[in-house]
1. For segment 126-138, which residues satisfy the criterion of being assigned to a helix (DSSP H, G or I) and of a type outside the set (Gly, Ala, Ser)?
2. Return only the number of the condition from (1) in contact (Cβ under 8 Å) with a residue 24 or more places away in the chain; (2) in contact with an Asp or Glu (Cβ under 6 Å, 6 or more places away or on another chain) that GLU103 does not satisfy.
3. Condition (residue is under 24 Å from ILE205 (Cα atoms) and touching a residue at least 60 places away in the same chain (Cβ under 8 Å)) applied to segment 134-153: is it met by at least one residue?
4. Looking at (1) of a type outside the set (Val, Ile, Thr); (2) in the same structural domain as SER29 (by TED's automatic domain parsing); (3) buried (at least 20 other Cβ atoms within 10 Å of the Cβ), can you tell me which one GLU110 breaks?
5. Examine segment 180-197 for a residue that is among the charged types (D, E, K, R), crowded, with 17+ Cβ neighbours inside 10 Å and on the phi > 0 side of the Ramachandran plot, and state whether such a residue exists.
6. Scan segment 31-86 for residues that are assigned to a loop (DSSP other than H, G, I, E, B), touching a Lys or Arg at 6+ places or on another chain (Cβ under 8 Å) and of a type in the set (A, V, I, L, M, F, W, C) and report the count.
7. Looking at (1) in contact with a Leu (Cβ under 7 Å, 6 or more places away or on another chain); (2) aliphatic (A, V, I, L, M); (3) in contact (Cβ under 8 Å) with a residue 40 or more places away in the chain, which one does ALA175 not meet, given that it meets all the others?
Amino acid sequence: MSTPILELRSVVRHFDTPAGRVRAVDDVSLTVRAGETLGLVGESGCGKSTLARLAMRLLPPDSGAILFEGTDLAKAGRGDLARYRARMQMVFQDPLSALNPRETIGRILEQPLLVHRRGGRAERRARVAQLLAHVGLRGDIAARFPHELSGGQRQRVGIARALALEPRLLLCDEAVSALDVSVRAQVLNLLLRLRGEFGLAALFISHDLAVVRHVADRVAVMYLGQVVEQAPRDALWRQPRHPYTRALMAATPVADPAEARARPPLPLTGELPSPIDPPSGCRFHPRCPLALPRCREDVPALRLAGPEHTVACHLA
């Protein structure tokens, strides 16, 4: 088992709004090991993006620990954060809004090197050319602006920028959801190639289980601010234990008719409850067709359901 590069321990983050306190992330613990990809899945509004920003320490947690290479970033000062952020980089959902429209691609890729004082002018230009080659883009793109590129090219630039400082960890927040299907496949394969080439670890966030199945080694399923199931990818697809996980899988299209028929029907009905006033007991019980009276009262704890497989469900 490889060494953890990122550990979130009982992390909590709430937001006060005029309507009440939003419990965006509520006691979440996750581990990303060196060289592996952890997929984080769940519906929109469940807290995935907030969790990514907490992991990067773009947001401070209300409580809990955020350990990167053994250092608790929740307690780190500004200077320490700058040093560690060079080793953990983010790829955002919308590549157009993530790139400065007034800067050329070359300048965008050079900016992290300037901020962290990496190399002289000639070395930085050589590094920009190398980064473009790594992500399959021509060198002349360095002179162009973001609006002159396609969505797939812009996302490749975003990935190249994330690689500029040779990080150990990438946090990909819905990094392919804004792309066309064919381009999405190209970018996913690029991420897989780069992970193997540079030995990167990744926290890959998506609402699309098919995408996560393609890229992840392990998967964590998040619902309304909490992780309800974690398992190795193949074990999760072979035997999902939480009704929410099974409902998400049942809603995912598959090309194999035999696999589709083998799935037990478990429709996901209703809307995600408000994180301002989450249900008592198991937060999924108002939408769960298998809910028992106990589910309305008792909060299920994460329990071991198999090798490296944990689930928070009274029925598991």
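1. Step one: list which residues in segment 126-138 are assigned to a helix (DSSP H, G or I), which gives 126-134.
Those that are assigned to a helix (DSSP H, G or I) and of a type outside the set (Gly, Ala, Ser): ARG127, VAL128, GLN130, LEU131, LEU132, HIS134.
2. With (1) in contact (Cβ under 8 Å) with a residue 24 or more places away in the chain; (2) in contact with an Asp or Glu (Cβ under 6 Å, 6 or more places away or on another chain) applied to GLU103, the lone miss is (2).
3. Yes, segment 134-153 has at least one match.
4. (2)
5. Step one: list which residues in segment 180-197 are among the charged types (D, E, K, R), which gives 180, 184, 193, 195, 197.
Applying the additional criterion that residues be crowded, with 17+ Cβ neighbours inside 10 Å yields 184, 195.
Those still in the list that are on the phi > 0 side of the Ramachandran plot too: none.
No; the residues of segment 180-197 include none that is among the charged types (D, E, K, R), crowded, with 17+ Cβ neighbours inside 10 Å and on the phi > 0 side of the Ramachandran plot.
6. 4
7. Failing condition for ALA175: (1).
So that you can scan it fast, the table gives a plain yes or no per residue for (1) within 19 Å of VAL215 (Cα to Cα); (2) modelled with pLDDT of 95 or more; (3) out of contact with any strand residue (DSSP E or B) (no Cβ under 6 Å at 6 or more places or on another chain); (4) not assigned by TED's automatic domain parsing to the domain that holds ALA220:
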| site | (1), (2), (3), (4) |
| --- | --- |
| ARG9 | no, yes, no, no |
| VAL12 | no, yes, no, no |
| ALA19 | no, no, yes, no |
| ASP27 | no, no, no, no |
| LEU38 | yes, yes, no, no |
| GLY42 | yes, no, no, no |
| LYS48 | yes, no, no, no |
| ASP62 | no, yes, no, no |
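The values are calculated or read from the model by the stated rules, or taken from the named source; none is laboratory data. Since this is a predicted model, take the numbers as computed values, not measurements. Counting neighbours? That spans all protein chains shown, and the Cβs are built from the backbone with ideal geometry, glycine included.
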